[in-house]
Structures are given as C-alpha cells and as structure tokens.
1. Would you confirm whether or not region 179-199 contains a residue that is surrounded by fewer than 19 Cβ atoms within 10 Å (Cβ to Cβ), of a type outside the set (Lys, Arg) and either without any contact (Cβ under 8 Å) to a residue 24 or more places away in the chain or part of a helix (DSSP H, G or I) (or both)?
2. Looking at Arg142, Arg99, Arg69 in this structure, which one is of a type in the set (D, E, K, R), closer than 30 Å to Leu47 by Cα and either loosely packed, with under 15 Cβ neighbours inside 10 Å or over 19 Å from the mean Cα position of the chain (by Cα) (or both)?
3. Being in a helix (DSSP H, G or I), at pLDDT 95 or above and small (Gly, Ala, Ser), is that true of even one residue in region 352-368?
4. For region 377-384, check the following and say yes or no: at least one residue is surrounded by 23 or more Cβ atoms within 10 Å (Cβ to Cβ), of a type in the set (S, T, N, Q), touching a residue at least 24 places away in the same chain (Cβ under 8 Å) and over 18 Å from Ala460 (Cα atoms).
5. Can you give me the number of residues within region 304-323 that are within 19 Å of Glu97 (Cα to Cα) and among the small types (Gly, Ala, Ser)?
6. Which one of these does Gly251 not meet: (1) assigned by TED's automatic domain parsing to the domain that holds Arg170; (2) touching a Ser or Thr at 6+ places or on another chain (Cβ under 9 Å); (3) over 28 Å from Ala102 (Cβ atoms)?
7. Of the numbered conditions (1) in a loop (DSSP other than H, G, I, E, B); (2) touching a residue at least 60 places away in the same chain (Cβ under 8 Å), Gly454 fails exactly one; give the number of that condition.
8. Exactly one of these conditions fails for Ala202: (1) in contact with a Ser or Thr (Cβ under 6 Å, 6 or more places away or on another chain); (2) free of Cβ contacts under 8 Å to residues at least 60 places away in the same chain; (3) crowded, with 23+ Cβ neighbours inside 10 Å. Give me its number.
Amino acid sequence: MELHQRLLLKALLGLALSGAVASAFAASPSASSSLPALSRLASDGALVSALVWDLSTERPIAELNGSQRLTPASLSKLVIAAAALDAWPPDKTFPTEIRSLAAPVGGTITGDLILRGSGDATLDETTLWALAAQLRGNGVQRVTGGIRVERAPFGELHCDTIDRCAGLRRSARAYNAAPSAIGVNYGSWCIAVRAPRGATIATVGGCATGEMPIPLAGTVTVGSIGAPLRIERTTDNGGDRIAASGSIAPGTERQVHRAMSDPAAGAGLILRSILRQTGVTIAGKVETTAQAIPGAEHVLAKVDGLPLQEQVGRMMRYSNNYIADVLTMGVALETTHVPPRSLAEASGLLGDFVRRSGTASGNADAPVMESGSGLTTSNRLSAQDLVGVLRKQFHDSRHFPAFYGSLVVPRDASFDYLDRGNPDWLDRVALKTGSLMEPVSVNGIAGYLRAKDGGFMAFAIIVNGGQRLRQISHERALGASRSDIEALLALR
C-alpha cells in the first residue's frame, strides 16, 4: 500500500509539473523585442515560430509566436530521436539473420535461404559480407533454391510522399528511398566511380560488391574538362538499372548513392552477389515475402547492427530520412505490437509523444506528424512543441547523454553555413537543422544553448515562407536566427 501511494504521489507530481510548464508556455507573452532579427523577418512576410526556454527556472527567455504550428522539415527528427530513446535503451541493436527451413547437409541447403531483418536502419554491405562469411564458415557451399527476403516485421509498405512515389520509377538522389524492415546502404545502391591516372574511361561498379547486381549502362570518361558526372537509377518491369554518364577527374574516386525502388529486393540481390563471390552457389532467384516464413528455425548466420545511439547520431548528423522513418516504424511496432499499416499511421504515435511533453492540449490543438523524417510537408509543429521535447529529454538523465550527443556543435559542423558566427555561436550551441524548398521555403534550427554559468537553455526556431514572402534563403533565415541567438548568449 505504501509503495502504491508513493507511485501515485510521484505520478501526480509529474502531472502537476507538466501542467505548470504547459501553463507557463501558454501564459508567456510574445517577447519579440528580444528576437529583433526574427521579428523583422516576420514583418517582411515570413512565418516564424520561436522560443528560448531556461531549463533551470522553467521560464521563457524569448518568444515569437511560440505556439504557431509550421512545417518543421528535418526538425521532426528531434521527435523520433527522443521517441526511439524512450522506447529502447541506447545500446539496443537490431539483428539481421540468414535462416533456412532445413539444416545444411553435406554443404548443401535444400530450398531457399531466408534473409530476415528486424528494422536495422544502418544495415550496409559490410554486414552482408559478414553474414556471407559466417555462412561459408558453416560449410555451406550450395543452395538449391533462391533467396527469399522477408518484409516483416513491417510488412508491405507503399510510397508516402511525392518524392518517394516519383522515386519508384526514377531517382537521381538518395534521400527518397522508402523505409523498409530490411534495406542496405539506407535503401540505396552504392556506386563507385574510379578514375585511375592514365585511363580514358572510368570503372563503374558497386562500392563493396565489385560488379553491380543490376544492369549498368553508359560510360564515364576520365578528364578534367567535361560534362558533370551523372548517375541515375531507373526501374521497369525487369527491375532496377543504373545509367552512368559524364566525366570524372583523373586520380579521383566518387561514391554515389541512388535510392532503390525496393530496398528489400535490393538487399537480396546484393546478398546473392556477395555469396557468389564467397563461393556459395545460389540456384534460384531473389524474391520477397510480406510475412515471416513459418518454420524457418535454422539460423545459419547472424549479425547485430549498430547500437541505437549510433543510429540516432547518424540520423541527426546527416539528417538521414531513411533512418528516421525506419525508426518511426520500429517505435510504432514496439509500442503497439502490431505492424503499422503506413508510415503516416506509425507517425501518429510521434504526435502523441509530443503531446505528452506537456506543450499541447486538446485535439483541436494537436501537433501533426506523418513522418519522423520531416520529408512530408504535412508535418506541423510549433517552437513550443519542439522545446517541450527538448525539455523532456534534458530532464531524462538516462537518455539525455545519447540525445545531446547526436546534435551538432557549429564549430564542428561539416556544413559551411553553420560554422560562421562569433565564439558564443560556434561553441555554446548544439543543434539540429531543417530545410525544405517546396511548396514554400522551410528553415529551422533547434537544440540547446549553454549559459555562461554552465546552465542549459532549450530553443527552437522555425521559419516558413508565407503568402507575401514564399521563398526565404537559407542564409537569410539562419542569419536572423544566429543574430538573435548570439545576442541572447552575450547576456547569459
């Protein structure tokens, strides 16, 4: 009884604190005078939602339309990063296995090899080589069937954004690969273009597989002057194919990623190519199946993926859409124990996660999330929503180190536009960025500020194009945000 009372008291105190913070958010005046550069941008026609929150006093420091929900772009990844760390411990791994229905006899597998994943968003060709080495080490030399790739535990997924739907037939980029329970290289083909000195024609092949397991056409010339290198993936009824053209400088090498039309099928094709190179003959073809295959009890090879902490770090540092949406599907499955029917359905749980942060109230005032990546322009979050998530993570001592470590400090950023500014900006800020260009421009930053006394502040700034000013350059939006942040840090 005493334990029950203590737990009830703790829950009531938590609700009281959450309610107090939510009330503070709602009651805080719009302190636009302390965000002058962003206020001028809003006066020119931009839509701005901004909030800086003192995590020691639990009070706002500066605010401009903090409750206005706008398109957050990749700032959405802050939510899935927090939700993933809330669902699993930072060292959680996602294994990938090769299985069969029957044990090998005399080095032969009768039937198919079964490739089973568990939502490893960072599965790569190196992992497939490790699986192949284990299989070969177990004496397997021949498979009478083919390779069957399970789409479980997510099942069959359909395209969910304009970019991904267009990418089913053609893609000249990597970011629009569809999420999958199993996919290699973030759901993309990795193409290596090498230009040895003295050669006139570059070699084009897989980054870690030698020959590509899909048709490759075209020629890349070697020379300092010529058309830019162009690599494009197209898809027809025969599957994916790569077209290469342009030129590359002598003595250089480029690795290019192009989204697969079907990451599960692509993983199977790469595995078959690797197995053949290790001396395992595969008689049949690669097929996929929506469900886990019953009776596949013989585990022939198994590799654990990177721990969740590293997956979150890669997602945040490189703004990787594939990792974000695979984790979104995984969190939904972990939460409900039922495979979500779509990415949008899975992402609805992220909206619930934001609401539980204490910054939103009521269905009419609900944040909208239809992807964890932010690739969907229908996502709607406010600066208050994001600060609520940041605040929740800050007060979670178990997960905060992994969450904070995934953010970028401007001085160490690989992006030129971030590593500008005074020492306060360069060293006392840890953030995530977000940007889109269509249908209007989106530019945002969110993260933490360090006070001079060592304390923390959480902040979020979202800048969207509006009716009067549809396109706002990244330099202008970030410049205004940086100017106001630097002014605040000079005082604190």
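The values are calculated or read from the model by the stated rules, or taken from the named source; none is laboratory data. Note that the structure is predicted; figures quoted are calculated from it, not measured. FYI the Cβ positions are ideal-geometry reconstructions off the backbone, even for glycines, and counts take in every protein chain you see.
1. The initial filter retains those residues of region 179-199 that are surrounded by fewer than 19 Cβ atoms within 10 Å (Cβ to Cβ), namely 192, 194, 196-199.
Filter once more, keeping what is of a type outside the set (Lys, Arg): 192, 196, 198-199.
Pick out the ones that are also either without any contact (Cβ under 8 Å) to a residue 24 or more places away in the chain or part of a helix (DSSP H, G or I) (or both) and you get none.
So far as region 179-199 goes, no, none of its residues is surrounded by fewer than 19 Cβ atoms within 10 Å (Cβ to Cβ), of a type outside the set (Lys, Arg) and either without any contact (Cβ under 8 Å) to a residue 24 or more places away in the chain or part of a helix (DSSP H, G or I) (or both).
2. Details: Arg142 fails: closer than 30 Å to Leu47 by Cα; Arg99 fails: closer than 30 Å to Leu47 by Cα.
None of the other options fit; the residue is Arg69.
3. No - not one qualifying residue is present in region 352-368.
4. Quick first cut of region 377-384, residues surrounded by 23 or more Cβ atoms within 10 Å (Cβ to Cβ) only: 379, 381-384.
Imposing the further condition that a residue be of a type in the set (S, T, N, Q) reduces the set to 379, 382, 384.
Among the residues that remain, those that are also touching a residue at least 24 places away in the same chain (Cβ under 8 Å) are: 379, 382, 384.
Add one more test, that the residue is over 18 Å from Ala460 (Cα atoms), and what stays is none.
No - not one qualifying residue is present in region 377-384.
5. 1
6. Unmet for Gly251, out of (1) assigned by TED's automatic domain parsing to the domain that holds Arg170; (2) touching a Ser or Thr at 6+ places or on another chain (Cβ under 9 Å); (3) over 28 Å from Ala102 (Cβ atoms): (2).
7. If we test Gly454 against (1) in a loop (DSSP other than H, G, I, E, B); (2) touching a residue at least 60 places away in the same chain (Cβ under 8 Å), just (2) comes out false.
8. Only one criterion in (1) in contact with a Ser or Thr (Cβ under 6 Å, 6 or more places away or on another chain); (2) free of Cβ contacts under 8 Å to residues at least 60 places away in the same chain; (3) crowded, with 23+ Cβ neighbours inside 10 Å is unmet by Ala202, namely (1).
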